[in-house]
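Have a look at the structure below, then the notes.
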Amino acid sequence: MNIYDKYQIIKSKRKSMAINIKPDGSVIIRVPLLASTPTIQKFITKYQSWINDKLETINANPPINDQLYYLGQLYPMVLTQKSTNTVEILENNILIAIKDDQDRPHPMLINWYKQQTISLVTPILKKYQAKYEITFNRLTITAAKTRWGSCSSRGNICFSYRLAMLPIYVIEYIVVHELAHLKYLNHSSKFWEHVGKLYPEYNNAEKWLKQHKYALAQQII
Ligand SMILES: [Zn+2]
């Protein structure tokens, strides 16, 4: 593979070459202005197994942001050691307590977001079910990164565990959006009319999602 596709190669006024691996797994090779491609290639080959080892470690322990969204607010994430593995919000931090260094905070956090999403979504679902006599088949919480929710023709509704990152009024909109799909499995004008009937302020929620799209995409958990 072309080294220029695989790595970010930055030429600058320097004498030697250096490799910089960022926490997100991107690799930067810093080289002198006049370094030729074969020379750079040779340098990379020499350190290839070192680069691969580092990338393997990063992939096995994906980095977690220092700040995580919960209900639309950013909370600093604090790691601590305790006698039990817990995740909780304490003094405006998302506090992750791990029993020993072997435990990875990553699956604990995902599980926490999952539980949060279930307890946030359930009362909203109940509210609309009671008010509009809407019935659905099954609720599943998924690990979807780019889709907040989905709905199948069999009446199964899915939400991403990442839903708990959003403000409650945005969560309500996404729930309503999926419930509206039980009636219209498309994004026709009839569908949006129906969404508007169930949840008139849906435009604000759409706006919040648009404004935070980039920030939310940066949330690696
Ligand atoms: Zn939709």
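Farthest towards the positive end of the charge dipole of the chain, among the residues T122, L166, F43, is the Cα of F43, using unit charges on the Cβ of Lys, Arg, Asp and Glu. Residues considered: P167, P107, P38. Largest GNM mean-square fluctuation over the chain, using C-alpha springs under 10 Å, is found at P38. Other residues whose C-beta falls under 13 angstrom from the C-beta of L120 contribute a net charge of +3, scoring Lys and Arg +1 and Asp and Glu -1. If you plug the beta carbon distance of E91 and A215 into 1/(1 + (r/R0)^6) with R0 = 25 Å, you get a FRET efficiency near 0.60. Each other residue within a Cβ distance under 12 Å of I141 adds +1 if Lys or Arg and -1 if Asp or Glu, for a net charge of +3. Of interest is the spacing of the C-alpha centroids, which for the stretch 154-221 and the stretch 86-124 amounts to 23 Å. For the listed residue pairs K114/K183; K190/K213; K190/K210; K6/K213; K54/K207; K82/K210, the alpha carbons are over 28 angstrom apart in K54/K207; K82/K210.
Looking at the stretch 106-217 alone, DSSP beta bridges between its own residues are antiparallel in about 40 percent of cases. For the stretch 3-60, the square roots of the Cα gyration tensor eigenvalues, ordered a ≥ b ≥ c, give a/c of at least 1.5 with a/b greater than b/c, which places it in the prolate category. About the centre of its Cα atoms, the chain shows a dipole size close to 780 debye [charges on the beta carbon of Lys, Arg (+1) and Asp, Glu (-1) only; nearest 20 debye].
Select from K15, K197, K54 the residue whose mean-square fluctuation is largest in a Gaussian network model of the chain (Cα-Cα springs shorter than 10 Å). Result: K15 has the largest fluctuation of those listed. Note on Q129 and L79: the model spin-label points, each 7 Å out from Cα along the C-beta direction, lie 3.9 nm apart. Counted by Cβ distance under 14 Å from Q48, the other residues give a net charge of +2, where Lys and Arg count +1 and Asp and Glu count -1. Compute a Gaussian network model of the chain, connecting alpha carbons closer than 10 Å, and tell me which residue from I21, I157, I89 fluctuates the most. Taking springs between Cα atoms under 10 Å, the residue moving most is I21. Please state the shape class of the chain: rounded when a/c is under 1.5, otherwise prolate if a/b exceeds b/c and oblate if not, all from the C-alpha gyration tensor. Prolate is the answer for the chain, as a/c is 1.5 or above and a/b outweighs b/c.
For the pair R104 and Y70, a Förster radius of 25 Å applied to the C-beta separation gives a FRET efficiency near 0.80, rounded to the nearest 0.05.
FYI, it's all coordinate maths here, none of it is from the lab. Since this is a predicted model, take the numbers as computed values, not measurements. Neighbour counts run over all protein chains shown; Cβ positions are idealised from the backbone, glycine included.
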